[in-house]
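Structure first, commentary second.
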2 protein chains.
Amino acid sequence: MQPTENPSTVPHGAVPHGAVLEVREPVTLQSGETLQRSHIAYTTHGTLNAARTNAILVCHALTGDQYVTGRHPITGKAGWWETMVGPGAPLDTDTHFIICANVLGGCLGSTGPGSPHPETGEVYGLNFPLVTIADMVDMQRRLVDHLGIERLLAVVGGSMGGMQVLQWAARYPERVAAAIPIATSARHSSQNIAFHEVGRQAVMADPDWRSGRYMAEGTRPTKGLAVARMGAHITYMSDDALHRKFGRSLQDKNAISFGFDADFQIESYLRHQGMTFVDRFDANSYLYLTRAMDYFDLAADHDGKVANAFADTRTRFCVISFTSDWLFPTSESRALVHALNATTAKVSFVEVETDRGHDSFLLDEPELFAAVRAFLSSVVTLEGVSP
Amino acid sequence: MQPTENPSTVPHGAVPHGAVLEVREPVTLQSGETLQRSHIAYTTHGTLNAARTNAILVCHALTGDQYVTGRHPITGKAGWWETMVGPGAPLDTDTHFIICANVLGGCLGSTGPGSPHPETGEVYGLNFPLVTIADMVDMQRRLVDHLGIERLLAVVGGSMGGMQVLQWAARYPERVAAAIPIATSARHSSQNIAFHEVGRQAVMADPDWRSGRYMAEGTRPTKGLAVARMGAHITYMSDDALHRKFGRSLQDKNAISFGFDADFQIESYLRHQGMTFVDRFDANSYLYLTRAMDYFDLAADHDGKVANAFADTRTRFCVISFTSDWLFPTSESRALVHALNATTAKVSFVEVETDRGHDSFLLDEPELFAAVRAFLSSVVTLEGVSP
């Protein structure tokens, strides 16, 4: 398959964002709004085989980016899925071609609220149109077209990444051989929306947010964004994991201070999470991406039934959840599996026993790796993929 | 028993706070700090019998107050435990004398960070010393002395109120015939501390907080406090209850707006909770009371074992938890029951089946009412209390 939309790969901004695809034709979003010109920043790892059949698209979560593996250009740390992607890893770069793109609405090279409007040159801010999970996937589809890949061997991702996986399989079933949605759901729950709304209100309550115009006005809503991140971070961990990791241990002291310093390690940890997050993430992107997750509801988009989204699909699914994930609980994955079982889909379901909560998908979880490895191996055989 | 500390009941401030006890002697707090003069605002309901044996102390939760029943002077709404306290109710004002006091550190008539320093006349703000659950109970003990009550028939409360119940039973076992700790724990968990810390950071991030000097400077950190309340409110409800009550229903519209308005009912509800809360609660009190809860750890205060806190007790306990409470989960109540079973305490344990989460203790839960009613009835018989 050849590139379709007159795109070109161009350098973009001061930070090296991997490759950047410039989409020069108008892109109409689910809201009806149009982006006249847009970019999608991505990285690839491994080699595309001659038949172009070994490509795996990795979709990142809310605060992730295209640096799935390798050194991150801003934080200097390892990629966010170093355990999953690499030579000999479950997503093996020795045998597969791994693609990971910064989502539309993101802040690391892909077009988002922090990008300049192509006509005025002014930063979009809240003038950026709202994007949905479907819009993110549509942009990724353009990238996959650009790379000349007709059919992806697999689409893989956790949390918001898992939503993209489901959207890919629903929207482009013929282009997805295998789908691996992890720690996710076919719709954002009321509690999920509630936590996101608190985070957004924390950002918007910061006077330095300036109604979203902070870039133009030279401020940054770091305090509000840090509070949002702290609150969200709690939801990524389980009560048990917090108890095991921190308990009521004090931070660098032998007794409580009878004050509001970070007496407890958990407080110090959360403050650190908040402070480091604001160095690498844009506040408006946080608003847009949380909103995209809130709006995600596969059933609503398919006459009220998730199963309708996957009717007649030939895609093979491996649904993975974690026992201690209370943000995207196993019950959500089970509901998804039940819906898939009502279709022609081939479905595996793995519930990983762990006490580490939602973030388990990012951690060293041998059962997760084994499940992905085994499932992919069978797909490679069934699809007849050779390196 | 006669009043001990030269107290007097005085009017206090513009809002009618029920009765107010002025404590004229210095009160030394757990921190070592001293309050030279302090007040405790309270309400009573029903009649103290001649033998002074029918008194029940109700302890309120984090954002509660002394208006356990009857019209609230600020909100105009019914008291916070109208279902539990009243004529013919489980805590029956026809036969019992119910006492409820605003906690030390609170903001409805009892001394707290919003009170004037007795010497300078300036509002304390962050100069107010940190108070603990033990300090709150010590002030309540002074009130009970003042009312001439030697032994309370029962001490009852949920959440932070339950912590006070446990502290009463641990500190003054001979003065508590029966203890009913509901939806609580012998220590605040790491996750509990984490959520509180996010709330405090939300308040402190508000520039109108002015390092706690907002009253002197004529501002109010309403945005930060509203965000704190919104986040906390999610933890008071269960995922199931949110799903049943709100689901993904939209608020006064037929389709999503592709924007940041409150599209979903849950968003509108949370915003309302935040906005109304700031009208009735003081931001610094919120900081102080959350901190008091964080510091609560009965085991740490008793050589590492909760059981030590209740050694040789004659108090009868009725521990109550709710199946869907994930903030103070049933496992915490079970641990408490196990600790009590290692002592001389008589212990009943009731786990109420409900999907309404932590706030169940404030709601119409027939199984809760039946448990309290039956337990109190047996205590009345065993203690030989007559009206």
For B:Arg314 paired with B:Asn341, estimate the spin-label separation in nm (one decimal), with each label point 7 Å from Cα along the Cα-to-Cβ line.
2.5
Size descriptor, Kirkwood hydrodynamic radius, that averages inverse alpha-carbon separations across the range A:92-148, Å:
12.8
Extension gain (nm, one decimal) between A:Ala51 and A:Gln273, 0.36 nm per residue minus Cα-Cα
75.6 nm
How much net charge surrounds A:Gly18 when only the other residues with a Cβ under 15 Å from the Cβ of A:Gly18 are counted, with Lys and Arg +1 and Asp and Glu -1?
-1
What FRET efficiency comes out for the pair A:Glu217/B:Arg244, r = Cβ-Cβ distance, R0 = 56 Å, nearest 0.05?
0.85
Tell me, which residues of the range B:205-254 get at least 30 Å² less accessible area when the other protein chains come in, versus the chain alone (1.4 Å probe)?
B:Ala205, B:Pro207, B:Lys223, B:Val227, B:Met230, B:Ile234, B:Asp239, B:Leu242, B:His243, B:Arg248
Kirkwood-based Rg over Rh for chain B (C-alpha set), two decimals?
0.96
Segment B:Lys305-B:Gln251, length gained on full extension (0.36 nm per residue, minus Cα span):
14.5 nm
Bins of 10 Å from zero: percent of alpha-carbon pairs in the protein assembly as shown
3, 13, 22, 22, 16, 12, 8, 3, 1, 0
Which lysines have a Cα lying under 18 Å from the Cα of A:Lys223, excluding residues fewer than 8 positions away in the same chain?
B:Lys223
Along its three principal axes, how long is the range A:175-226 when you only count alpha carbons? Whole Å, largest extent first please.
47, 28, 16
Hey, got the Cα dimensions of the range A:58-134 along the principal axes, in Å, largest first?
47, 29, 19
At 7 Å out from Cα toward Cβ: B:Gly384 inter-copy label distances (nm, ascending)
9.4
Students often forget the sequence filter, so: which lysines lie under 26 Å Cα-Cα from B:Lys346 once same-chain residues fewer than 8 apart are removed?
B:Lys305
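Pop out the carbon and sulfur fraction of the accessible area of the range B:298-387 as a percent, whole number, probe 1.4 Å.
Of the solvent-accessible surface of the range B:298-387, carbon and sulfur hold 50 percent.
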What does the accessible area per residue of the protein assembly as shown come to in Å², with a 1.4 Å probe and no ligands, DNA or RNA counted?
36
Please compute how much accessible surface disappears when B pairs with A, both sides summed, using a 1.4 Å probe, and round it to the nearest 100 Å².
4600
In the range A:8-127, carbon and sulfur make up what percent of the accessible area (probe 1.4 Å)?
49
Based on the alpha-carbon set only, what is the convex hull volume of the range A:248-303 divided per residue, in Å³?
133
Can you run phi through the Karplus equation (6.51, -1.76, 1.60; θ = phi - 60°) for the range A:150-165 and list ³J(HN,Hα) in whole Hz, with x for Gly and Pro?
7, 9, 7, 5, 7, 10, 9, x, x, 6, 4, x, x, 4, 5, 4
Please report, as a whole percent, how much of the solvent-accessible surface of the range B:228-279 comes from carbon and sulfur atoms (probe radius 1.4 Å).
47
What are the principal axis extents of the Cα atoms in the range B:126-165, in Å, biggest first?
36, 24, 10
For every helix of n ≥ 4 consecutive DSSP H residues, a contribution of -39,500 (n - 2.57) applies; sum these over the protein assembly as shown, divide by its total residues, and give [θ] at 222 nm rounded to the nearest 500 deg cm²/dmol.
-10500 deg cm²/dmol
From the label point of A:Asp261, set 7 Å along Cα to the beta carbon, how far off in nm is each other copy's matching point, shortest first?
4.8
Could you tell me, in Å, what Rg and Dmax come out for the Cα atoms of the range A:5-163?
15.2, 47
Return the residues of the range A:153-193 for which accessible area with all protein chains present is lower than in the chain on its own by 30 Å² or more; set the probe to 1.4 Å and exclude ligands, DNA and RNA.
A:Arg187, A:Ser190, A:Gln191, A:Ile193
For the range B:94-205, state what percent of all Cα-Cα pairs lands in each successive 5 Å bin, counting from 0 Å until the bin that includes the largest distance.
2, 10, 16, 21, 19, 14, 10, 6, 2, 0
The range A:207-320, Kirkwood Rh and Cα Rg, ratio Rg/Rh at 1.14
In a shell of Cβ-Cβ distance under 12 Å around B:Phe361, excluding B:Phe361 itself, what net charge do Lys and Arg (+1) and Asp and Glu (-1) give?
-4
Amide H of A:Ala55 versus every other amide H placed in the peptide plane: which residues, excluding those fewer than 5 positions away on the same chain, fall under 5 Å?
A:Phe97, A:Leu153
Backbone HN-Hα couplings from phi across the range A:378-384 [Karplus 6.51/-1.76/1.60, Hz, Gly and Pro as x]:
5, 5, 4, 5, 5, 7, x
Stretched out fully, how many nm does the piece from A:Ser348 to A:Arg24 gain, at 0.36 nm a residue minus the Cα gap?
112.7 nm
With viscosity set to 1.306 mPa s at 10 °C, what whole-number translational diffusion coefficient in µm²/s follows for the range B:250-387 from Stokes-Einstein and a Kirkwood radius over Cα pairs?
85
Rg over Rh of the range A:276-337, using C-alpha atoms and the Kirkwood radius, what does it come to?
1.08
Find every distance from the label point of A:Gly70 to the corresponding label point in the other copies (7 Å from Cα along Cα→Cβ) and write them in nm, one decimal, shortest first.
7.2
Size of charge dipole - the protein assembly as shown - debye, nearest 20, with Cβ of Lys, Arg +1 and Asp, Glu -1, no other charges
40
Quick one: what Rg and Dmax do you get for the range B:201-247 from the alpha carbons, in Å?
14.7, 44
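The values are calculated or read from the model by the stated rules, or taken from the named source; none is laboratory data. Every value quoted in this text rests on a predicted model; they were computed, and no experiment measured them. Neighbour counts are summed over all protein chains in view; Cβ atoms, including those assigned to glycine, are modelled from backbone coordinates with ideal geometry. Just the protein is used for accessible areas: all its heavy atoms, side chains included, with ligands, DNA and RNA removed. Shrake-Rupley method; radii C 1.70, N 1.55, O 1.52, S 1.80 Å.
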